[in-house]
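What follows is a set of notes on a single structure, which appears directly below.
Read the figures in this text as sums done on the coordinates, not as results from a lab. Not measured: the values here are computed from a predicted model. So basically every Cβ, Gly included, is an ideal-geometry build from the backbone, and we count neighbours across all protein chains shown.
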Amino acid sequence: MADYKLQTPLSEAQVRQLRLEDTVTIDGTIFGIRDATQIRIFDERIAPPVDLTGSVCLHTAPGVRKLPDGRYEKICIGTTTSTRMDRFVPGLVEQYGVRAIVGKGGVLEASVQAMQRAGAVYLAIVGGAAALETLQIEEIEQVWWEDLMPECLWKFRVKDFGPLILAIDSHGNSRYRAIQERAAARIAAFEL
């Protein structure tokens, strides 16, 4: 296991050097994305209003307050479960060049395979870390598709965002799969 401090946008070479259970912190830009945004992109076939190549996407629908000047003040920006958005991951990494997804709970095997093909990773954040995440997000720089509030497409400027654990690497290794296999083996041994 190694520790990495990464600056966005990420290259395929940077992502391919990462290994399962490495620790990552991120500086730069992270895009907040959630179900409604991805439904618009993939089901309604509306291209994202920003280039996501090399990006890091955070599964979130933040709590914010709109200020009189039109900007948004962060109140609480936490991470949500990724599995329910799993069907969008292959398109994000293969079609739009997203290099990392940050979320909770992992994604399913088809997404793991897409990440392997495209050179992308899944970074897990500890559940309940919303207060820390909110502090590490320095500013909400831009918001697109405000009609989807709070599931808009968000552009966050971050500093020392993490620590994040590399839970799925770009080589097809998955911490979630390993845990399921160990659990299945223990159940099988117990049933004998």
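Taking Cα atoms only, the orientation of helix 109-118 departs from the longest principal axis of the chain by about 70 degrees. For K155, a cut-off of 20 angstrom between C-alpha atoms picks up these aspartates and glutamates, skipping any fewer than 8 places away in its own chain: D27, D35, D51, D69, E73, E133, E138, E139, E141, E146, D147.
Rounded to the nearest 20 debye, the dipole size of segment 3-191 about its Cα centre is 220 debye, using +1 on the Cβ of Lys and Arg and -1 on the Cβ of Asp and Glu. Per residue of the chain, the DSSP helices (runs of n ≥ 4 H) give a summed -39500 (n - 2.57) that works out to -7000 deg cm²/dmol at 222 nm.
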